[in-house]
1. May I ask you to derive the FRET efficiency for B:Ala463 and B:Arg363 from their Cβ-Cβ distance with R0 = 60 Å, giving the value to the nearest 0.05?
2. Starting from the Cα of A:Lys105, draw a straight line to each of the lysines and keep only those under 30 Å, dropping any in the same chain fewer than 8 residues away.
3. Give a residue-ordered list of calculated ³J(HN,Hα) values for region A:190-198 (Karplus: 6.51 cos²θ - 1.76 cosθ + 1.60, θ = phi - 60°; whole Hz; x for Gly, Pro).
4. How far, in degrees from 0 to 90, does helix B:93-103 lean away from the longest principal axis of the Cα atoms of chain B, to the nearest 10?
5. Given H placed on each backbone N at 1.01 Å, which residues far from B:Ser186 in sequence or on other chains put an amide H within less than 5 Å of it?
6. Quick one: net charge of B:Thr590's neighbours, Cβ under 13 Å, K/R +1, D/E -1?
7. Out of region A:1-104, which GluC sites (Glu not before Pro) are coil in DSSP terms and have no more than 16 other C-beta atoms within 10 Å?
8. Under a plain spin-label model, where a point goes 7 Å from the Cα along Cα-to-Cβ, how far apart in nm are B:Ser27 and B:Arg488?
Amino acid sequence: MRIALEVWRQRSPEEPGRFVRYETAEASPDMSLLELLDVVNEDLVRKGEEPIAFDSDCREGICGTCGFMVNGLAHGPLKGAAACQVYLRNFRDGETLFLEPFRAKAFPLIKDLVINRSALDRIIAAGGYVSVNTGNAPEANTSTIPKDFAEEAMDAAACIACGACIAACPNASAALFTGAKITHLGKLPQGQPERGRRALRMVRAAAAEGFGHCTFAGECETACPKSIPLQVITQMNRDYLAARLRGEGRAPTRHIEPGTPKRRR
Amino acid sequence: MHLDGKIPGGPLPQKWERRKLEYALVSPANRRKYRVLVVGTGLAGASAAATLGELGYRVECVFFHDSPRRAHSIAAQGGINAAKNYQNDGDSVQRLFQDTIKGGDYRAREGNVYRLAEVSLRIIDQCVAQGVPFAREYGGKLANRSFGGAQVSRTFYARGQTGQQLLLGAYQALLRQVQAGTVRISPRTEMLDLVVANGKARGIVARDLVTGEIRTFVADAVVLATGGYGNAYFLSTYARNSNATAIWRAHRRGAYFANPCFTQIHPTCIPVSGEHQSKLTLMSESLRNDGRIWVPLRAGDERSPEQIPEDQRDYYLERRYPSYGNLTPRDVASRAAKAVCDEGRGVGKSGLGVYLDFADAIRRLGADVIGERYGNLFAMYAEITGDDPYRTPMRIYPAIHYTMGGLWVDYDLMSTIDGLFVIGEANFSDHGANRLGASALMQGLADGYFIAPLAVGSYLARAKPPAIDDSHPAFEEARKATAARIERLLSVHGKRTAASFHRELGKLLWDQCGMSRSRAGLESALARIPELREKFYREILVPGHGESLNRELETAGRVADYFELAELICRDALRREESCGGHFREEYQTPDGEALRDDEHFAYVAAWEWREGEPPVLHKEPLVFEAAPPMQRSYK
């Protein structure tokens, strides 16, 4: 089959980018979209031209490294699949595909389809964990977790941090990503002690990175290759609000003037 | 040089306790004076970096991915073993030890393996405490499944995404330390050389993959957690960027390479569909819990699977290995698949495939239960092949999946270079000649959470490495050598891509040093590889320049190292004149086609020393078996 590609080429963030057209004759329906890019790239290299830069690693939809827009859809037309899992049998013979990077203020472009998503790491670093040092864990089966809770936690924990939710969102909001981690840990007894603090810190970190606010457009859920449900955002909002109402995250400072004598009551 | 494994004395169950007491300590206030460099952020690297950070060392973590969470541990599917005996089916530390030693075909160290089995208990505790969402029973307790090479259920899992969830646990622990300021991370930075100064590992040279800048990192100890080298074979289940450069460069700087020919071929991967294929996709071993493997009884039977009646099918694993059936270990199952395909009974267009059939399990348990257990794997299979495994059997074929070999380390996970520790798949330590399913995650986390942090601390306390900075001549030399290698690749301006060379080398390795090996084949490969390497340096074409993101340059550098490594793999395979685990030499087999080990001559670890401009030198570390005396490994 024949597939034409219109690929966003941009040498560096400083230089302007543009779409460049590539005709491919040797596409086959059993080929993945990334394998088609490999073929195009090998041709370019043989001609002495710079290949299209794109990120990919595991090529089985779990590492979250790959991802770009295909005809305006994050990761392409398939539901619940990352770009590396999209096979050409999903396209028509002779179709033209427009490939462009995930775009968001917090995802600076590096080159062509490659972007910098380290903002997502910083959101996790703000509180997306259970604070437990190696060695101080109790026997694993001392805490019981209802199967349904474990399953719901797992549904949220399946996030691969690809950034599709952000690219698809009209506000470039990271709510689905942030909510997924808050929900994963919030469903488990291990996550309870830091639940409020986690929500406060992660939500604030996302805002500080320049991600937008959530207006429940719902595009993220459709784009998510792991089908993370919108409910994680509701959960995030609930945890955040509850923590605010409880007054968590406000530092309990009591200023003591030096030299103030201790008074007996 | 005499190879000393430094196994502690005393009976097996007391060795690790004893060693922990022997370790020297660094007091909490002094730990921040030491810099530890961790390369790689898979299960081993992330867990080691996080734990070292928690202890208070100044940790620098370098990796080529854009985020620590992308390391290929993320793709491990099936599970992680631990001798918890929650199922009350007779499991124990001793039994996990015995299964692992036997599974490795008696080519691993008893002391290491026993410690691994012991530590397995604490790994599960640690991961649960971090919030890893393991599968649960209705009563809220942890669930288990069975895996190959064991007759107990000791595998913990999180759907088919166990590696992902364990890695996220370690990644979150790591980022918590980044936030706390004990760990600094350098993403998109690839190690290209090790720096050895005054006989000690003191840092690395790395390339910033975005700007092309050659950077140096200085440390008091270096921990390599850079994974296995299976991508030398081109087509494998490894991630595209997994590569051997870090361990190969360390090898060239003096770290011995142990058992390079011990590569694991996984029996259940989706077969190759065409020339363009970039990688192979694994279908988890856990599928063999419920799937039955078969081929047509008659060679050349081209009917579709539904049309072949029960009595014209050969469930060859159940027939040949009745007590383990479809859950025989990976090496045995892979060879059996190759044997039936060689007889012309393989299925699919290429004839290189066997059926993995769930019809019985679906009849017995219902499609819902099967979907709950394997839904994501079935979906993945359907996307790749266009077939629906709920209706028609999967087609599977063996593929390169893991490397048991790696840099030689002693009991303290230190290589033959002082201060260079090697953990996880990058070392050779615990799996012998064949790794059991769900044991890689166990080893990565055992090394990272529980062993390396103590061993590294003890090394620092004893060696007290003197202050050094990157103006030391050793850094200067390594930096220049790295720049020269990059320049060489850029300056050839030939006509062939790195990928085309990689494909050619990979095919050669797979044909001559894959599922079965022979003297003639290995000798031909050893003649062919140097020719191919010379051609590579004459004809390689790397467009662009070194001062920016340049994927072709990255690939070319990795492929250049694969040539040297491939030669060592074949040399080791040729030298080991026996069959054991994943290493099957056609000349050495029992009359019924099983591996024929030679304990008298080959019960040793083969550790290879690099020599510039001359053949590598073999050093032997004899293996002593006291608790698990070698016997013929039978799964019948």
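1. Working: r = 63 Å, r/R0 = 1.05.
The pair B:Ala463/B:Arg363 has a calculated efficiency of 0.45.
2. Excluding near neighbours in sequence, the set is A:Lys79, A:Lys181, A:Lys226.
3. Couplings: 4, x, 5, x, 9, 4, x, 4, 4 Hz.
4. 80 degrees
5. Answer set, sorted by chain and number: B:Cys61, B:Val62, B:Phe63.
6. Numbers: positive: B:Arg320, B:Arg335, B:Arg585, B:Arg597, B:Arg633, B:Lys636; negative: B:Glu578, B:Glu586, B:Glu587, B:Asp592, B:Glu594, B:Asp598.
After counting each charged neighbour, the total is 0.
7. Details: sites: A:Glu6, A:Glu14, A:Glu23, A:Glu26, A:Glu35, A:Glu42, A:Glu49, A:Glu60, A:Glu95; in loops: A:Glu14, A:Glu26, A:Glu49, A:Glu60, A:Glu95.
In loop regions of region A:1-104 (DSSP not H, G, I, E or B), the sparsely surrounded GluC sites (Glu not before Pro) are A:Glu14, A:Glu26, A:Glu49, A:Glu95.
8. Roughly 5.0 nm, to one decimal.
Values quoted throughout were computed directly from the atomic coordinates according to the rules given, and no laboratory measurement underlies them. Computed from a predicted model, the values in this text were never measured in an experiment. Counting neighbours? That spans all protein chains shown, and the Cβs are built from the backbone with ideal geometry, glycine included.
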